[in-house]
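Worksheet: the structure to be examined is printed underneath.
Read-outs: derived from the displayed coordinates by stated rules, not from any lab. No experiment lies behind these values; they were computed from the predicted model shown. Backbone-built Cβ (ideal geometry, glycine too); neighbour counts: all protein chains shown.
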Amino acid sequence: MNRTVLIVGLFLATAVVGVLFLGLGKDPQRIDSPLIGRTAPSFALREAGTGDTIALEQFRGKPVVLNFWATWCAPCYEEHPILVANARRLGSQAQFVGVVFQDTEEKILKFLRDRGSAYPTVVDDAGKTAIAYGVGGVPETFFLDADGTIVAKHDGPVSTELLQANLVKAMQR
Amino acid sequence: MNPGLGRFLILASLLVATAGALVAFAAGRTGSQEGLKWARRLAYAFAALMAGATLLMEYALLTHDFSVSYVAQVGSRSVPAWVTISSLWSSLEGSILFWGFVLAAYIAIATWMTRDRYREYMPDAIGVWLSSAAFFSFLLAGPANPFHTVPIPPLDGPGPNPLLQNHILMVVHPPFLYLGFVGMTIPFGLAAAALIKGRLGHGFLKPIREALLLPWVFLTISIMLGGWWAYEVLGWGGYWAWDPVENASLLPWLTATAALHSMMVVERRGILKGWTTTLILATYLLVILGTFMTRSGVFNSVHSFTQSSIGPTILAFLAAALIFSVVLLATRIDRLEAEGTIEGAVSREGMFLVNNLMFVLLTFTVLIGTVFPLIVEAVNGKQMSVGRPYFDSMVVPAGAALLFLLGVGPALPWGRATREQLRRALLPPLAGAAVFLLAGLAFGVRTPWTLLALAFGGYAAQVTLHQMWLPLVQRLRGGDSFANALVDGQLRRGRRRFASYIVHAGAVVTLIAIGVSSTMKSEGEYQLSKGQSASLAGYTITFLGVEDRAEPHRHSTIASFAVLKNGTQKTILHPRMNQYETMREPIGTPDVYTTAAGDVYLSILNVDRMQQSVGVSMVQTPLVVWIWIAVILMGIGGLVGVIPGRRSAAAAATAGVTLSREDGEGSPADGAIPRPAREGA
């Protein structure tokens, strides 16, 4: 029995397996946004359809769900009914806002007519808001607390459970 | 009926592999010949069952039998047959089945090739192979079962991930990778058997070397294919990004390459036996680690790991294999007695030691860089990534050192050398170093590391060419005919030596091409309207316009650029942007104009249809095509070393055929002389 080999070998084996074990179940695609914990970048954008200007600041006092989306994005179709249903259910407890990402107002309005809507959707013409939020692709959803601080971010389509969990976080702050 | 039959075949393969492993280990313990016979039969039975299951899956894919869960997941009636066939390895469960199939083929062939030899070692080797087989059968029977029954089969399926249909390299890269990865099971089993028996006889080195060399060839080619694919498809103009998945394929390659070298020292001097077996065991463990890191096969998750349920199962297997290997090494390594010593540091064997040190250093560097983000996140919850600067700062000096060794190592004689011998061996190649260095300076190379690489590369190139043709030259001097000198000196007797220098030649060219292409590339980003031009590194591109093309599964925007050099049009390139239905972001497909001197590489950044203008990224990279060519040369060299004359050489040696003297007795043309096989059994 070579003790050196045994000890060094078992040490290396434990280290490698231990580190990999801790990595289990983590989603390596998830990158925490550096914006979490900071005040959400403000915007004042034109609402699709009405043409009214909507500023983020006007929703201070309740949690905000900010959803970046587009009609050319397949997962956005999947999450749209979930967003609408939850916005209706929560009513004035939380404010949902859709932000259009690289799309035309015409297509957006047709999409909303066909599939229903329950909250305002604003048009980010020059893409400045998406850049300010560091949006890499759609859908991406940001959760803001009543003070306008970003508490969570989610890439990809949302589910009801995910919306609830993150809104609870936003309400606790 | 298909899914049920598939499940039966998998369960039967699990049973047979488990039984075979038990019988084989028992036979190893008792030395029972009958037990060995049964172990072999069960090995063949496993191979047949696994092959049957794989063929059944291919049949189900081709006949669009959507009652098989895997077919429902990746099949589609609207894709061409070649996509359907290759969708076997396009997703998790299928890729594990493919792994099982490749393993079955390797086990069957290895069992057949060793059928009447190495009786002392074979029971344990078969036991280890079948244990690995049993694990993969278990994965297929449980966590990664591709043969679930779909109660209400759909009429059509989604087809495999569109990215996999995007480029032909994506069809050939995975099979090569599997042939490389899975094949490492065979040398692992042989080395473990040697450890279990507590001896590594001279005659048993040959099967280990060959079993290691063949998958090494596949792994070498597959790493290159992966880089080439990234270059042709991903659009950032590079071929290697130190992505965890890329590192996963590089790690076992590094230890296998080290083992192939240290094995030469075992053969020549009878030392480093424990070290060499450690490297072989480590190679297999790193293969399993790589499999874990990519869930299963590289593909279904180019960038994510362990999100599937088989992650923990593979990790458990890795832990078991690690403990098995460590305990085996600890209890047996001292029994593998050394038969000699190293006589001088400045000798061939001394250089082999330095070579091994470099490869192991590289392995640890890459391994630590790969898992470091996991460690940091485990310790303080912060996310981070280890990027190119870390890897470059560690790997570039190690690469330069390897290039240095590629020159100095083969130039040095075995054993102790006199001052005069050293001078004669080491001084002439300085000419090659000077030529390459001056050529580099003439072409404008000013980066110190690149100049160093060129000097080392020139030195190594001269040594390699000299050593490669030495047997031929010696025979011609001895009055042999050219044809005989070529066939017998290079391809028959000196085949192994010739092969290894072909590999070295490929390695020299690869390392130089990597050094030059990564430091001498020019990049530019331009916003061009129709008719506008941009110039970079002697090339001018003119934007000709964009057109849209709609296909059922994707929408493409294709731009056209004329590429000119010195006012003459060389070609028209069509980089494109593809928007797949199922993807969040558009995928760019670059277009490349390749010449021997360098590539012009264009990829689209954005398209403004109103203005008819595009943003384009242009990359001019020198020598990049030589990487692909030189790695293929390395693969060919490896194949030359492993394929022909397997039996004949051994037969000639055991028959006591006297070796002709012109093979270079007393000269450095060592590989030309096959050593008589001293069989252990």
Sequence order, the range B:401-414: Karplus ³J(HN,Hα) from phi using 6.51 cos²θ - 1.76 cosθ + 1.60, θ = phi - 60°, Hz rounded, Gly and Pro as x, gives 5, 5, 5, 4, 5, 4, x, 6, x, x, 6, 7, x, 5
Quick shape check on the range B:136-295: root eigenvalues a ≥ b ≥ c of the Cα gyration tensor, a/c under 1.5 is rounded, otherwise prolate if a/b tops b/c, else oblate, and it reads oblate
So, over other residues within a Cβ distance under 9 Å of A:TYR133, counting Lys, Arg +1 and Asp, Glu -1, the net charge is 0
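Fewest Cβ neighbours within 10 Å first, please rank B:LEU406, B:LEU225 accordingly.
Working: B:LEU406 24, B:LEU225 21.
Ranking B:LEU406, B:LEU225 by Cβ neighbours within 10 Å, fewest first, gives B:LEU225, B:LEU406.
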Other residues with Cβ under 14 Å from the Cβ of B:VAL619 give, with Lys and Arg +1 and Asp and Glu -1, a net charge of -4
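Go ahead and run the numbers for FRET between B:GLU551 and B:HIS167, Cβ-Cβ distance against an R0 of 25 Å, rounding to 0.05.
With R0 = 25 Å, the Cβ-Cβ based efficiency is 0.95.
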Ordered by fewest other Cβ atoms within 10 Å, a rough proxy for footprinting exposure, B:TRP112, A:TRP72 read B:TRP112, A:TRP72
Averaged over the residues of A:7-20, the number of partner chain Cβ atoms within 10 Å of each residue's own Cβ comes to 6
In nanometres, the difference between 0.36 nm per residue of separation and the alpha-carbon distance of B:ILE85 and B:GLU339 is 86.3 nm
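Would you mind working out the magnitude of the charge dipole of chain B relative to its Cα centre, with +1 at each Lys and Arg C-beta and -1 at each Asp and Glu C-beta, to the nearest 20 Debye?
My answer is approximately 1700 debye.
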Candidates A:ILE54, A:ILE131, A:ILE36; GNM for chain A (alpha-carbon contacts under 10 Å) flags as most fluctuating A:ILE131
Cα-Cα longer than 27 Å, checked against B:LYS37/B:LYS206; A:LYS107/A:LYS169; A:LYS62/A:LYS107; A:LYS62/A:LYS128; B:LYS530/B:LYS565, kept in input order, equals A:LYS107/A:LYS169; A:LYS62/A:LYS107
Subtracting the Cα-Cα distance of A:ARG113 and A:ASP147 from 0.36 nm times their residue separation yields 9.0 nm
Fewest to most Cβ atoms within 10 Å: B:SER137, B:SER533 sort as B:SER533, B:SER137
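If you take the square roots of the eigenvalues of the alpha-carbon gyration tensor of the protein assembly as shown and sort them as a ≥ b ≥ c, do you get rounded (a/c under 1.5), prolate (a/b over b/c) or oblate?
In terms of gyration-tensor shape, prolate.
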Extension length gain for B:ALA597 and B:LEU55 (0.36 nm per residue less Cα distance), in nm, is 190.6 nm
Expressed in angstrom, Rg and Dmax over the Cα atoms of the range B:214-284 are 15.2, 50
Helix A:3-23: inclination vs chain A longest Cα principal axis, degrees, rounded to 10, gives 10
The farthest towards the positive end of the charge dipole of the protein assembly as shown, of the residues B:SER78, A:LEU35, B:PHE391, given +1 on Cβ of Lys and Arg and -1 on Cβ of Asp and Glu, is B:PHE391
Rounded to 0.05, the calculated FRET efficiency for the beta carbons of B:ALA48 and B:LEU491 at R₀ = 25 Å is 0.10
Calculated from DSSP helices alone, with each H run of at least 4 adding -39500 (n - 2.57) and the total divided by the residues of the protein assembly as shown, [θ]222 nm to the nearest 500 comes to -18500 deg cm²/dmol
Note to self: C-alpha centroids of the range B:423-441 and the range A:149-173 sit apart, in Å, by 65
Quick note, chain B: a/c under 1.5 would make it rounded; otherwise a/b > b/c is prolate and the rest oblate (a ≥ b ≥ c, C-alpha gyration tensor); here it is oblate
Counting other chain Cβ atoms within 10 Å of each Cβ in B:314-322 and taking the mean gives 3
